[in-house]
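To start, the structure itself, in structure tokens.
The values are calculated or read from the model by the stated rules, or taken from the named source; none is laboratory data. The shown structure was predicted, so the numbers you read here are calculated from the model rather than taken from an experiment. Methodologically, a virtual Cβ is constructed for each residue, glycine included, from the backbone with ideal geometry; neighbour enumeration extends over all protein chains shown. Ligands, DNA and RNA are stripped out before the accessible areas are found, and what is left, the full protein with its side chains, is counted by its heavy atoms. Shrake-Rupley method; radii C 1.70, N 1.55, O 1.52, S 1.80 Å.
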Amino acid sequence: MKQFQYIRPATQQNVLDAITKPGTKIIAGGTNLVDLMKRGVTAPDKLVDINHLPLKSITPSKTGLLIGALALNSVVSENTLVLQKQPLLSMALKAGASPQLRNMATVGGNMMQRTRCSYFYDTTMPCNKREPGTGCGALEGYNRMHAIFGTSPQCIAVHPSDMCVGLAALDAVVVIAGKKGDRRIPFTEFHRLPGDHPETDNHLAPGELIVGVEIPDNNFSQHSYYLKVRDRQSYAFALVSVAAALDISGGVIRNARLAMGGVAHKPWRLFDAEKSLIGKPATEASFKHAAQIAMQGAKAYEYNAFKLKMAPGTITEALKHAAGLA
Ligand code: SF4
């Protein structure tokens, strides 16, 4: 591993001063970054440790729930406010990784984790995300885990997070600090599609720091579900996952939120499918129709065509669970 400098600035302002130079990486739980460094996928000159910053709280805000970027995944998933107000987030978190990893991983780090495409981690293989311009090993390779939406000829990787799928469905907002001032990005616009620059995973600008996420209050707590389909019951990334949230009154759907994981370079929000559910009865027929709409534009590669059937089935099942029909 390349030698690097390690610093622990005292304050958030000191952190912002320290992360302006290229080659600098922020470290919190380190559950992904340390692996990337050990494998030579990334080789920072300097690590800026932020674990001591006061960004761990989970507090009600004027319009919702504010979760600090350094709140641990395990703590968030068991937090009373989260369980009461946003149980979908708790379910998504508990579906991710293992208890040991959730005890180290932070909310901000979870958002910043890199794809688990095996070609990205194998430094002997071409990968436009790791080394722009070298090609994509997965396009003609073993692409069973890869994307069916929003791909480009440069990259077909998927974002690996479960938590982010839940936050995308719940209309969360990312709260960001920077030397030019603070800003907020809707969660669905934080991560990006690969396009011609698969090396860039999200819209966080150089020198910026995620300080938290805010989830607006909603009426989904009685009818939400996170369904993850994977190769084994725990510690496996999603083949397909679905975050489903419904507001149902008198058997009729008043509002709906749907997002998928394991299918795109970012958490994949299903806006058209959501619209199709509003005003419809909360029945399997409505859910199957929404699932059909959700699959418009899907495109499979040699080894992941099974996702074209698995995805609509998972959407339907997740909605049935959310509605109490499963
Ligand atoms: Fe690299 Fe993306 Fe291709 Fe995987 S899919 S090899 S991450 S460019």
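What to note about this one:
- Pair list, Cβ < 7 Å and 6+ apart or interchain, from the stretch 180-209 residues that are surrounded by 15 or more Cβ atoms within 10 Å (Cβ to Cβ) to residues that are of a type in the set (Phe, Trp, Tyr): ASN202/PHE190
- Only residues that are of a type outside the set (Gly, Ala, Ser) and part of a loop (DSSP other than H, G, I, E, B) were counted in the stretch 219-228, giving 4.
- Contact map, the stretch 296-310: first residue hydrophobic (A, V, I, L, M, F, W, C), second residue open to solvent by 50 Å² or more (accessible area, probe 1.4 Å), Cβ cut-off under 7 Å, separation 6 or more or different chains; pairs are ALA298/LEU308; ALA300/LEU308.
- Considering only residues in the stretch 117-135 that are among the hydroxyl-bearing types (Ser, Thr, Tyr) and in contact with a Gly (Cβ under 7 Å, 6 or more places away or on another chain), the one that is surrounded by the fewest Cβ atoms within 10 Å (Cβ to Cβ) turns out to be THR123.
- Flag if ASP49 is in contact with a Ser or Thr (Cβ under 8 Å, 6 or more places away or on another chain), touching a residue at least 12 places away in the same chain (Cβ under 8 Å), away from the ligand (no atom under 16 Å from the Cβ) and more than 30 Å from MET310 (Cα to Cα): no
- Per the listing THR63, THR59, the residue uniquely without any contact (Cβ under 8 Å) to a residue 24 or more places away in the chain and not hydrophobic (A, V, I, L, M, F, W, C) is THR59.
- Those residues of the stretch 102-112 which are in contact (Cβ under 8 Å) with a residue 40 or more places away in the chain, open to solvent by less than 50 Å² (accessible area, probe 1.4 Å) and in a helix (DSSP H, G or I), in sequence order: VAL107, GLY108, GLY109, ASN110, MET111
- Among residues of the stretch 150-172, those that are surrounded by 22 or more Cβ atoms within 10 Å (Cβ to Cβ) and closer than 30 Å to ASP217 by Cα, counted: 13
- The stretch 8-32 residues that are under 11 Å from ILE50 (Cα atoms), paired with ones that are open to solvent by 70 Å² or more (accessible area, probe 1.4 Å) and at pLDDT below 95 (beta carbon under 7 Å, 6 or more apart): LEU16/LYS179
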